[in-house]
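Each value in this text was obtained by applying a stated rule to the coordinates, not by laboratory testing. Since this is a predicted model, take the numbers as computed values, not measurements. Every residue, glycine as well, gets a Cβ built from its backbone with ideal geometry; the counts of neighbours run over all protein chains shown.
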Amino acid sequence: MKTLKLLSAFILGSMLLTSCVAEVVIEDDLYIEEPAITLDELLNTYEIWYVDIERTQGSGEIPFLQKAFTVSFKNGSFFANNNLVGIGSNGNGFGLDVGYYNTFNMEVDISHDLDGTYSLDVTQFANNEIRLYDGVTNTSYYLIGYQRNTFDYDKVFYDNIHYFLHEYITWEKVYTSEFGALNEFDNENYLQFLYYGSGDNFRSSEDVNVNNINDIYYDYTGYYAVDDVPNNFYMKNLTLDYDYLGNEYFELTVINDNRIELLHPASGTIYEFVGRGYLQFKNSKDGKPSQNEKKRLKKADFMKLTK
């Protein structure tokens, strides 16, 4: 992870003063808009385009945008940061090269390595904000442009910790503090986190020193939730809601992209887990739930996480 300050979109926009159109006076009372820069020049003006997923509109989805935290248009190549592990350093901050693109007037054709080709209409709303619209699915995605040296990769990481947890097939306990009261969680050595909407979305195991993670037998299942801690950006509350067995609560801290710390307040014990089986996502088949999957989640499902 790389900590970088994130400038305000308004400040950044006012500094760059970049626009796709300019007003040209023909007569005193007649104005005609003509392009000031091409669409390709606009897309290349910003190194990083943050996908503001919460503003997505429409009943469909564009798989590679649904999955991405950021995308980049770089001289015909299309890049995406689909993983939180290594964000800010993978591909020098651009992420993975996942396809290529072409522009025609105010339309961009993106050919994704796995998801195919999409023709998207581009509308510019501000100097560093655009909308990508897919007429086939009637879906709109909103992108905000930044430069790499002003983009806060850490904020993206900590705002999406729940996705980070399932970027590994499983998490293995490698440390238990000598202090702290004995408790039942002492016996659990593997945790697996799955995306919301997959039914029981965490599993735990009492197996010990398993060489092949595919051989792990998971003894317990349930739901998990990750919540913010007031006034502490770098810590989260983790709830493990075991089916029929009640809840366990932890304070979660990320040590690095492969190691987390769990403080169990009830006993005072500290545990450390390392991720095993890194999952490098290139499309939306893993990781974030799709738009339709999110819509299918009922309020009752989330109530199970906090009951």
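Let a ≥ b ≥ c be the square roots of the eigenvalues of the Cα gyration tensor of the range 136-207; is it rounded (a/c under 1.5), or, if not, prolate (a/b larger than b/c) or oblate?
Numbers: a/c = 3.94, a/b = 1.83, b/c = 2.16.
It is oblate, given that a/c is not under 1.5 and a/b is not larger than b/c.
Sort the following peptides by mean Cβ neighbour count (other Cβ atoms within 10 Å, averaged over residues), highest first: 178-186, 119-127, 66-74.
Most protected by this proxy first, the peptides run 66-74, 119-127, 178-186.
Stick to Cα atoms and the Kirkwood definition of Rh, then tell me Rg/Rh for the range 69-214.
We get a ratio of 1.10 for the range 69-214.
Under a point spin-label approximation (7 Å from Cα along Cα-to-Cβ), what is the N187-D121 distance to one decimal in nm?
6.1
Describe numerically, in nm with one decimal, the distance between label points set 7 Å from Cα along Cα→Cβ at D207 and at D159.
3.7
Once you order the gyration tensor axes a ≥ b ≥ c over the Cα atoms, which shape class does the range 129-276 get: rounded for a/c under 1.5, otherwise prolate or oblate by comparing a/b with b/c?
prolate
Going 7 Å from the Cα of N44 toward and past its Cβ, which residues in the range 85-114 have a backbone nitrogen under 12 Å from where you end up?
103
Which order do the peptides 254-264, 102-112 take when ranked by the mean count of other beta-carbon atoms within 10 Å per residue, highest first?
254-264, 102-112
In whole Å, what is the distance between the alpha-carbon centres of the range 49-86 and the range 215-282?
So the separation of the two Cα centres works out to 26 Å.
Multiply the residue separation of Y234 and N149 by 0.36 nm, subtract the distance between their alpha-carbon atoms, and state the gained length in nm to one decimal.
On the way: separation 85, 0.36 × 85 = 30.60 nm, distance 2.09 nm.
Extra length from Y234 to N149 when fully extended: 28.5 nm.
Starting from 0.36 nm per residue, how many nanometres of slack lie between A266 and R55 once their C-alpha separation is accounted for?
Extending this stretch completely gives an extra 72.1 nm.
Work out how much length D113 to I37 would gain on full extension: take 0.36 nm times their residue separation and subtract the Cα-Cα distance, in nm to one decimal.
Values: separation 76, 0.36 × 76 = 27.36 nm, distance 2.84 nm.
That works out to 24.5 nm of additional length.
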